[in-house]
Amino acid sequence: MASLTQLSSRASGEGWGGGATENGAHHQPRTEMIRIEKLGKTFTTADGVVTALENIDITIEQGEFVSIVGPSGCGKSTLLMCIAGLIEASAGSVMVGSRRVSGPFTELGIVFQEALLLDWRTVLGNVLFQIEMRGLDPKAYESRARELLTRVGLGGFEGKSPWELSGGMRQRVAICRALIHDPPLLLMDEPFGALDTLTREQMNVDLQRLCAQTGKTALFITHSISEAVFLSDRVLVMTPRPGRIIADLPIAFAAGTRRLSIRTTPEFAEQEKKIYSIFRSIGVLRDE
Ligand code: ADP
Ligand code: MG
């Protein structure tokens, strides 16, 4: 099966990400992709006001892969939706590139836990749906869509229906759909959470290489500490609600060197341990 990393041939060297190399060399000069300042979000419900996010400050540079780990209900999805402009912040600001986010915008791709494919559309039709939603001409993107699908190992599946695919294949379609318009920023909300462990590990390997090779900026939300350590240049740790960032840990593996074998190294275990101990210190994990 072709790997997701081969997707990069189109994207690499294009405007936003040019300069990334396979060994993960940083762009010169580095520029900010996301700047979040004092972000807060409250929801008014029948039971009163729920503070989902409080005083969030995050800066992510172009080409970085950043994961957010935090307990269920701490506001991770809310944060991602605020960045995407899909829900409105209650306080503070979100900048993506030079734009202040005040509503949905086109230069990003989003992947959710469920592939959310339209059952009445083919695989190809699902990838092109993104283009149609953006008011672009699907005909102009059809060959790119076919190429992306081939490169994630779905060549020959263009005409299949989503229900004919495995969970991993459905997520690969969702990733093609998120990348079809070649966005600089990829937001992922527990994208592999519903997959079996082996499929998930392969998706991790393919995704991290794809991002390293193309220079895409990625924000990845996960429950899995080991997934976060494996994928990321930095891991941000969130508290239970109201969600705040309590740690911003650089992960000391050079991008592009992340093979599955790093999972069994002492360095990997050390990084995981740091995150576990933070969760223990705030009472998210307990031995009794
Ligand atoms: P996570 O993704 O970390 O599990 P969410 O961002 O989905 O958490 O939710 C954070 C908190 O905000 C939860 O307590 C949730 O119930 C609440 N919440 C999320 N969306 C809404 C909404 N539209 N209305 C009311 N409360 C919400
Ligand atoms: Mg969530």
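Worth a mention:
- Ordering of 76-86, 104-114 by packing [mean C-beta count within 10 Å, highest first]: 76-86, 104-114
- Shape of region 73-198, Cα gyration tensor, a/c cut at 1.5: oblate
- Taken along its principal axes, the alpha carbon cloud of region 76-128 reaches lengths of 41, 22, 12 Å, longest axis first.
- Fewest neighbouring Cβ atoms within 10 Å first, the residues Ile131, Ile282, Ile175 line up as Ile282, Ile131, Ile175.
- Gyration tensor (alpha-carbon) shape descriptor, region 29-133, a/c threshold 1.5: oblate
- Membrane-span-like helices of the chain, defined as complete DSSP H segments with a Cα extent of 15 Å or more along the helix axis and a mean Kyte hydropathy of at least -0.5, are identified as 123-133, 167-179.
- Each principal axis of the Cα cloud of the chain was evaluated for its coordinate range; sorted largest first, these ranges are 51, 47, 42 Å.
- In terms of the mean number of neighbouring beta-carbon atoms within 10 Å, the peptides 64-74, 264-274, 32-42, 211-221 order highest first as 211-221, 64-74, 32-42, 264-274.
- Exposure proxy order (Cβ contacts within 10 Å, fewest to most) of Met133, Met95, Met203, Met238: Met133, Met95, Met203, Met238
Taken together, the values in this text are just the output of simple stated rules run on the coordinates, not laboratory data. Predicted, not measured: the structure shown is a model, and the values here were computed from it. Reconstructed Cβ throughout: ideal geometry from the backbone, glycine too, with neighbour counts over all protein chains shown.
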